[in-house]
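Contents: one structure, followed by commentary.
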Amino acid sequence: MKRKFSLVLLLLAAWLGGAQPAYAATDSQDSSITIVKKTRVAYNKGNKVNTWTTYGAGKKLVGQVKSGYKFTATGQAQYKGRTWYRIKDNKWILGTNTVTTKKYASIKAKAAKTAKQKKVVALANAQVGKAYVWGATGPYSFDCSGLTMYAYKKATGLTLPHYSVSQLYYGKAVSTKKLVKGDLLFFGSKSAPSHVGIYVGGGKFVHASSPTVGVIKSKVSTNRSSAFYPSSARRVSSYLTFFR
């Protein structure tokens, strides 16, 4: 009986002695690792992010996580001037491939705006060739503010007023020399424009011009005496945050 009891004790001691630590042995013995509880988001411009067995020399690739993967780091270490975060046992991620949750939210918001701007441009381009009818708001014919109203409503959900002067007060003023796709271009008086169109890139804009030519794509003029020289521009994308 004593022998059996002693054998049980020996087996128990051997098991306890071989029990695994909370993290890999190298982690538990590494004084360079700072214990933290820090929430981060894996991010690599939409690409997957590699994870590794450790943060320093001899590390091996474990796998990948999706860009946008949110985790709470349990350890942090520096190696050759770069920060690494421990996701879990034997799983590390390079700090430069992570961002704060606030930064990631900002990145997503910007991407959403860009996507909607592209939709506005695509929709505006698709109307080229259609007829100009005063007071029309689509989908078969348009006047100038009716076209911009239609494109923004269909692409983003934002309802612009059916009047070029009123549209002048949406978004924020931007330089006509620093345009981005989707910007509204106004023509005529700065305070009471008589015409409006949508900048589509490449120095061109789409607009419902007149009953004679209908909806066309024109080059933005740099000649002040030209009818296609814009008096002002507005970036309506600053409103799109509210329509995600």
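The values are calculated or read from the model by the stated rules, or taken from the named source; none is laboratory data. Note that the structure is a prediction, hence the values are computed from the model and not measured. Quick reminder, even Gly has a Cβ in these numbers, built from the backbone with ideal geometry, and neighbours come from all protein chains shown. Note: accessible area is taken over every heavy atom of the protein model, side chains too, but ligands, DNA and RNA are not part of it. Shrake-Rupley method; radii C 1.70, N 1.55, O 1.52, S 1.80 Å.
Key figures
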quantity: Accessible area of the stretch 128-244 belonging to carbon and sulfur atoms, whole % at 1.4 Å probe; calculated: 54
quantity: Per residue solvent-accessible surface (Å²) - the stretch 100-244, probe of 1.4 Å; calculated: 52
quantity: Most fluctuating residue given options Tyr69, Tyr43, Tyr85, as computed from a GNM of the chain linking Cα atoms under 10 Å; calculated: Tyr69
quantity: Gaussian network model of the chain, springs between alpha carbon atoms under 10 Å - residue of Lys110, Lys119, Lys190 with greatest fluctuation; calculated: Lys190
quantity: Cα long-axis angle, helix 2-17 against the chain (0 to 90 degrees, to the nearest 10); calculated: 30
quantity: Farthest toward positive dipole pole in the chain [+1 Lys/Arg, -1 Asp/Glu at C-beta], among Ile107, Val62, Asn97; calculated: Val62
quantity: Helix 101-126 axis, angle to the chain major axis (alpha carbon atoms, nearest 10°); calculated: 30
quantity: Residue with peak Gaussian network fluctuation, the chain [Cα springs, cutoff 10 Å], from Val41, Val62, Val206; calculated: Val62
